[in-house]
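Colleague: Sending over a structure as structure tokens; questions will come in a sec.
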Amino acid sequence: MTTGQLIRDFRLKKGLTQEDLSESTGLSVRTIQRIEKDEVVARAFTLQNIADALDIEFNLLNNSIDDSTSESDVKEAKVWLPLLHLSGLFLFLLPPIIIWILKRDEIVKMREHGIDVINFQLSMWIIMVPCGILAFLLITIPVIIFMGFFSTVIIVMNTFKVINNQPYKYPMSIKFLKS
């Protein structure tokens with residue numbers, strides 16, 4: 001679960017609206033909305049204000065390390081999660097599936113990251129395969145080149161976001177697998 005989802009869940013459990021949380025934290029309603037939608041990464045000071053307003057511990061909102069996670073588990077996740085995202089480079093579907101199957105029960109957040117990566121890979125395949133079949137039409141060649149470049153850029157950007165413990169997003173992704 002992302003930090004934004006946690007904040008939303010805690011806010012709703014307390015029966016607060018986004019406006020109520022905005023007033024008690026001094027943040028704008030738009031900022032609260034963007035944080036809850038994971039459009040922005042909230043700074044530690046902002047998270048502390050939100051935690052205070054929701055009467056919860058700051059550690060609950062800091063999703064980099066949770067109390068039940070050991071240091072070795074965190075180190076392992078910092079290796080495997082970026083590797084999972086990077087393994088989809090060049091639209092090879094098998095490496096992300098293998099990593100996800102082997103590590104989904106061992107590593108925190110591997111399940112949700114794996115689902116996102118595999119959904120993105122399947123979505124890109126749905127676009128690329130028909131274009132490859134129709135490659136004899138000159139119009140599909142630029143589409144193939146663009147989609148290859150697009151997916152590579154998205155994969156590399158999301159890998160760096162995962163390394164830096166930031167929220168990531170795969171655009172144009174059909175939800176074949178659900179969380």
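Colleague: Check off (1) at pLDDT below 90; (2) closer than 30 Å to V40 by Cβ for L138 and give me the number that stays unchecked.
Modeller: (2) is the only condition that L138 fails.
Colleague: Here's another thing I want to ask about it. Looking at (1) at pLDDT 90 or above; (2) over 14 Å from I154 (Cβ atoms), which one does C131 not meet, given that it meets all the others?
Modeller: Here C131 clears every test but (1).
Colleague: Any chance you could count how many residues in the stretch 109-135 are assigned to a loop (DSSP other than H, G, I, E, B) and more than 18 Å from K169 (Cα to Cα)?
Modeller: So in the stretch 109-135, the residues assigned to a loop (DSSP other than H, G, I, E, B) come out as 109, 134-135.
Next, from what is left, pick out any that are more than 18 Å from K169 (Cα to Cα): 134-135.
Matching residues across the stretch 109-135 total 2.
Colleague: Also: Counting only residues that are over 19 Å from the mean Cα position of the chain (by Cα), without any contact (Cβ under 8 Å) to a residue 24 or more places away in the chain and surrounded by 15 or more Cβ atoms within 10 Å (Cβ to Cβ), how many does the stretch 33-61 have?
Modeller: Going through the stretch 33-61 one residue at a time, the tally reaches 3.
Colleague: Name the single residue, out of those in the stretch 76-110 being at pLDDT below 75 and more than 27 Å from R11 (Cβ to Cβ), that is surrounded by the most Cβ atoms within 10 Å (Cβ to Cβ).
Modeller: The first filter runs over the stretch 76-110 and keeps only residues at pLDDT below 75, leaving 90-91, 108.
Applying the additional criterion that residues be more than 27 Å from R11 (Cβ to Cβ) yields 90-91.
Working: F90: 10, L91: 18.
That would be L91.
Colleague: Here's a follow-up. Of all residues in the stretch 112-154, how many are among the charged types (D, E, K, R) and out of contact with any Phe, Trp or Tyr (no Cβ under 6 Å at 6 or more places or on another chain)? So that I can check it myself, show each step before the final result.
Modeller: First, the residues of the stretch 112-154 that are among the charged types (D, E, K, R): 112, 116.
Of the ones still in play, those that are also out of contact with any Phe, Trp or Tyr (no Cβ under 6 Å at 6 or more places or on another chain) are 112.
Residues in the stretch 112-154 being among the charged types (D, E, K, R) and out of contact with any Phe, Trp or Tyr (no Cβ under 6 Å at 6 or more places or on another chain): 1 in total.
Colleague: Among the numbered conditions (1) closer than 22 Å to I115 by Cα; (2) surrounded by fewer than 19 Cβ atoms within 10 Å (Cβ to Cβ), tell me where E23 comes up short.
Modeller: (1)
The values are calculated or read from the model by the stated rules, or taken from the named source; none is laboratory data. None of the values given here were measured: they were computed from a predicted structure. No Cβ is skipped: glycine too gets one built from the backbone with ideal geometry, and neighbour counts run over all protein chains shown.
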